[in-house]
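The next block holds one structure in the form of structure tokens; read it before the comments.
The values are calculated or read from the model by the stated rules, or taken from the named source; none is laboratory data. Everything numeric here is computed off the predicted structure, so don't read it as measured data. Every residue, glycine as well, gets a Cβ built from its backbone with ideal geometry; the counts of neighbours run over all protein chains shown.
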Ligand code: FES
């Protein structure tokens with residue numbers, strides 16, 4: 001099981017492989033705002049402060065948005081575009097906006 005901590009909301013949940021961070025945030029009652037939900041805007045931009053290696057690779061659509069906000073860093077991710085890709089570990093996230 002992967003433990004996901006959403007620092008801004010002080011929410012900690014156990015998650016299973018394959019879930020997007022958007023699905024997890026929505027189900028856990030997180031305050032994160034989601035605009036387009038398909039990787040076109042940047043409202044769901046977040047800092048992955050721990051466990052980025054447990055998430056899916058940055059996809060081309062996500063990369064375009066990250067570049068548009070001047071960030072190509074792997075610690076910034078779009079929560080609607082990345083998913084948990086591990087069976088165990090810890091992920092910590094802070095919202096960008
Ligand atoms: S909600 Fe628009 S990029 Fe994630």
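Computed quantities for the displayed model
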{"read-out": "Counted residues, segment 27-38 - those being touching a strand residue (DSSP E or B) at 6+ places or on another chain (Cβ under 9 Å) and more than 15 Å from residue 96 (Cα to Cα)", "value": "3"}
{"read-out": "Any hit, segment 63-71, residues being part of a loop (DSSP other than H, G, I, E, B), within 14 Å of the ligand (Cβ to nearest atom) and more than 11 Å from the chain's Cα centre (by Cα)", "value": "yes"}
{"read-out": "Hits in segment 19-55 - residues which are within 11 Å of the chain's Cα centre (by Cα), in a loop (DSSP other than H, G, I, E, B) and either away from the ligand (no atom under 14 Å from the Cβ) or over 27 Å from residue 88 (Cβ atoms) (or both)", "value": "19, 51"}
{"read-out": "Flag if residue 94 is under 14 Å from the mean Cα position of the chain (by Cα) and either part of a loop (DSSP other than H, G, I, E, B) or buried (at least 18 other Cβ atoms within 10 Å of the Cβ) (or both)", "value": "no"}
{"read-out": "Test set (1) touching a residue at least 40 places away in the same chain (Cβ under 8 Å); (2) within 12 Å of the ligand (Cβ to nearest atom); (3) assigned to a loop (DSSP other than H, G, I, E, B); (4) on the phi < 0 side of the Ramachandran plot - residue 77 fails condition number", "value": "(3)"}
{"read-out": "Top-ranked residue in segment 9-18 [being in a loop (DSSP other than H, G, I, E, B) and surrounded by 13 or more Cβ atoms within 10 Å (Cβ to Cβ); ranked as nearest to the ligand (Cβ to nearest atom)]", "value": "9"}
{"read-out": "Flag if residue 58 is in a loop (DSSP other than H, G, I, E, B) and closer than 19 Å to residue 91 by Cα", "value": "yes"}
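Table: residues versus (1) surrounded by fewer than 13 Cβ atoms within 10 Å (Cβ to Cβ); (2) modelled with pLDDT of 90 or more; (3) under 14 Å from residue 18 (Cα atoms).
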{"site": "57", "(1), (2), (3)": "yes, yes, yes"}
{"site": "63", "(1), (2), (3)": "no, yes, no"}
{"site": "71", "(1), (2), (3)": "no, no, no"}
{"site": "74", "(1), (2), (3)": "no, no, no"}
{"site": "78", "(1), (2), (3)": "no, yes, no"}
{"site": "86", "(1), (2), (3)": "no, yes, yes"}
